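Encoded as structure tokens, the structure appears first; notes follow it.
Quick note: the coordinates plus some simple rules give every number you see, no bench work behind them. It should be emphasised that the depicted structure is a prediction, and the values quoted were computed from it without experimental measurement. Because the Cβ atoms are built from the backbone with ideal geometry, glycine has one as well, and the counts that use them run over all protein chains shown.
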Amino acid sequence: MDKPKVLQLITGLNPGGAEKVVFDLSLYLNNNGFDVHVIGLSELDRLLQNFLDNKINARVLKLTKNPWLFIKGLFAVNKFIKQNNIKLIHAHLMHALIFASLLKIINPSLSVVFTSHSFNIGSKIRFGIVKFLKPFRKADILFSEKMRRPCYKSDALIIPNGINVESYATSYIKYPKFTFLCIGRLEHVKNQKCLIDFAACLKHQFEFEIKLVGDGVLRAQLMQYAQEQGVADVVDFCGFSNNIAEMCARAHVFLMPSLWEGLPISLLEAGASGLPVLATPVGSIPEVITPAHGYLAEAALFPQMMLHIYENYAEATAKAAALKILVKEKYSLDGIAQKHINLYKSMLID
């Protein structure tokens, strides 16, 4: 009997939360009776080799704003779908949704699932596009009930992100200095610039280091700003890393000063590692980080909270232990992936 086939369609394959979800889900599906194909629309491909090394069929189209390349890519994927007898597309992020909807017009028998990966849908234009395209998709996946909007299907399923919890059950010696860890693309929405300001504010109060893990368009600007603020010695720009589990295990506190989020994978990774968390109360973060599981504060209050955690680290680790249990019970990849499998099978049967 042929394995059920699923095409995971995503904007790009650079490091990010949505891309990590697609990778973990694809690997799990391939190991559990599915034949998964992954296509990234843009030229972003830093994770492509990681997919291929794990025997996940993946490719990138390298589409740009050139309309001709877009049309050419659309028909190339349509040909790929027909050749491989693919009946189900899971679109991740806005651009993939638009692309999948066009494929649905060409192939009316296709079933489309959509995950936006963001609590904040964005502008009115984006809201309107997602709402307009509702008839072209069969199911929507949201992280929480609080994400429900008129732009999504009324019967949207609630399936939170999940991680392979066992991968983070590691034991490493902590960094010599008290280390704050922040993981994310270096861009405005992740708000890392404020951490440079906070480093300057706290530098003379206790000894610490802030590790910024990730890359992005603001890297050079942020590095220059750290020099200007006199904190280049305490703010470490680590770039992209494949050793997130180790870095979480060795750090002392996880920081997330984001302006908005969905359900961040890096937050779950920190939780699974038993790392105390200080985050802004945006997106679905408050559903994970309650007063019993960590610390929530507006970014402006981070300096005093960072100092509080440093001075009350036993309290912080107790909250982290509770968070580790929560992540294992509620956000384990096994349970989350099984919900996707059940959805896919129901759609393929229909």
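Just a few scattered comments:
- Summing charges over all other residues whose Cβ lies under 14 Å from the Cβ of residue 21, with Lys and Arg as +1 and Asp and Glu as -1, gives -2.
- Dividing the convex hull volume of the alpha carbon atoms of region 109-204 by its residue count gives 170 Å³ per residue.
- When both region 319-336 and region 3-59 are represented by their alpha-carbon centers, they are found 24 Å apart.
- Highest-fluctuation residue, 285, 163, 105 considered, GNM on the chain with Cα pairs under 10 Å: 105
- Point-to-point label distance, residue 307-residue 292, nm (Cα→Cβ direction, 7 Å offset): 3.1 nm
- Backbone amide hydrogens, once placed in the peptide plane, bring residue 297 within less than 5 Å of 279, 280, excluding anything fewer than 5 places away on its chain.
- Positive minus negative residues near residue 78 (Lys, Arg vs Asp, Glu; Cβ under 12 Å): +4
- Size of charge dipole - region 128-209 - debye, nearest 20, with Cβ of Lys, Arg +1 and Asp, Glu -1, no other charges: 480 debye
- Shown here: region 1-137, whose C-alpha atoms stretch 41, 32, 29 Å along the first, second and third principal axes, sorted largest to smallest.
- Counting only alpha carbon atoms, the long axis of helix 302-311 and the longest principal axis of the chain meet at about 60°.
- Helical runs assigned H by DSSP (4 residues or longer) give the chain a calculated mean residue ellipticity at 222 nm of -12500 deg cm²/dmol, each run adding -39500 (n - 2.57) before division by the residue total.
- Fully extending the segment from residue 321 to residue 246, taken as 0.36 nm per residue of separation minus the present Cα-Cα distance, adds 25.3 nm.
- Anisotropy class of region 165-330 from Cα gyration tensor, a/c 1.5 cut: rounded
- Pairwise FRET efficiency - residue 206 versus residue 124, Cβ, R0 = 45 Å, nearest 0.05: 0.50
- Pairwise label distance in nanometres, residue 338 with residue 223, each label 7 Å out on the Cα-Cβ vector: 4.6 nm
- Taking the average, over residues, of other Cβ atoms within 10 Å as the packing measure, peptides 252-262, 197-207 rank 252-262, 197-207 from highest down.
- The ratio of the alpha-carbon radius of gyration of the chain to the globular-protein estimate 2.2 N^0.38 Å is 1.02.
- Extension gain from residue 76 to residue 46, taking 0.36 nm per residue of separation minus the Cα-Cα distance: 8.6 nm
- Assigned charges on the beta-carbon of Lys, Arg, Asp, Glu; the chain dipole about Cα centre (debye): 1560 debye
- In the chain, the longest principal axis of the Cα atoms and the axis of helix 94-106 are about 10 degrees apart.
- Normalising by residue count, region 152-251 has a Cα convex hull of 138 Å³ per residue.
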